[in-house]
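Engineer: The structure's right below; bear with me while I get my questions together.
Just so it is clear, none of the values below were taken in a lab; they were calculated from the coordinates. Remember, predicted model here, so these are calculated numbers, not experimental data. With ideal geometry, Cβ positions are generated from the backbone for all residues, glycine too; neighbour counts draw on all protein chains shown.
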Amino acid sequence: MWLLYSILTIAFWGMWGFIIKVASRYMEWYQLYVLSNLVSFILSAGILLWGRQSFATVGKFALYGIAAGLLGTMGYIFFILAIRSGKVSIVVPLTATYPVITFLMGIAILREQVQIHHLLGTILAIAGAILLSL
């Protein structure tokens, strides 16, 4: 299932980046941000009601969810600003290199093991980002 989910993620995020570019031509960044997050809020509320799950078991680890939300929000705002002022064909692939940060943090903080092909892929992603930005 992970492959199907990955392909769906690529499809939805690919269309998402394009739609943000089109929408940013007709509205301010904050209007786009608020409208898109209003939809996210409504979907989140639906998921919460559908699952009828409690957050009681989350405890102190709720801070991780809050931090993820804050970091994701800031990234999204800067993504909108980048799309608005730059070329979608450059901004989207360039910002898609964000997993490099996650990769490096996984190694440094979580002490995850890295194989040579993982390292090579990361180096190629960085090289691609440099080539895109030229």
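Engineer: Which is the longest run of the chain containing none of the trypsin sites (Lys or Arg not before Pro) found in DSSP loop states (not H, G, I, E, B) with at most 13 other C-beta atoms within 10 Å? Intermediate results must be reported in sequence, preceding the final value.
Structural biologist: Details: sites that count: 25, 52, 87, 111.
By the stated rule (loop sites, at most 13 other Cβ atoms within 10 Å), 53-86.
Engineer: Could you give the distance between the Cα centres of region 4-43 and region 113-134, to the whole Å?
Structural biologist: Region 4-43 and region 113-134 have Cα centres spaced 27 Å from each other.
Engineer: Which residues make up the longest stretch of the chain clear of chymotrypsin sites (Phe, Trp or Tyr not before Pro) that lie in a DSSP loop with no more than 10 other Cβ atoms within 10 Å, not counting the sites? Present the calculation step by step, with values, prior to reporting the outcome.
Structural biologist: Numbers: sites that count: 26, 55.
Result, exposed sites excluded: 56-134.
Engineer: Which value in deg cm²/dmol, rounded to the nearest 500, describes the helix-derived mean residue ellipticity at 222 nm for the chain, given -39,500 (n - 2.57) per DSSP H run of n ≥ 4 and division by the residue count?
Structural biologist: -26500 deg cm²/dmol
Engineer: Okay, next question. Does the chain classify as rounded, prolate or oblate by the C-alpha gyration tensor (a ≥ b ≥ c root eigenvalues; a/c under 1.5 gives rounded; else a/b over b/c gives prolate, otherwise oblate)? Kindly include the intermediate steps, with their values, before the conclusion.
Structural biologist: On the way: a/c = 1.88, a/b = 1.07, b/c = 1.75.
Here the chain falls in the oblate category.
Engineer: Okay, moving on. Distance in nm between label sites at residue 64 and residue 45, each 7 Å beyond Cα in the beta-carbon direction?
Structural biologist: Using points 7 Å along Cα→Cβ, the separation is 2.8 nm.
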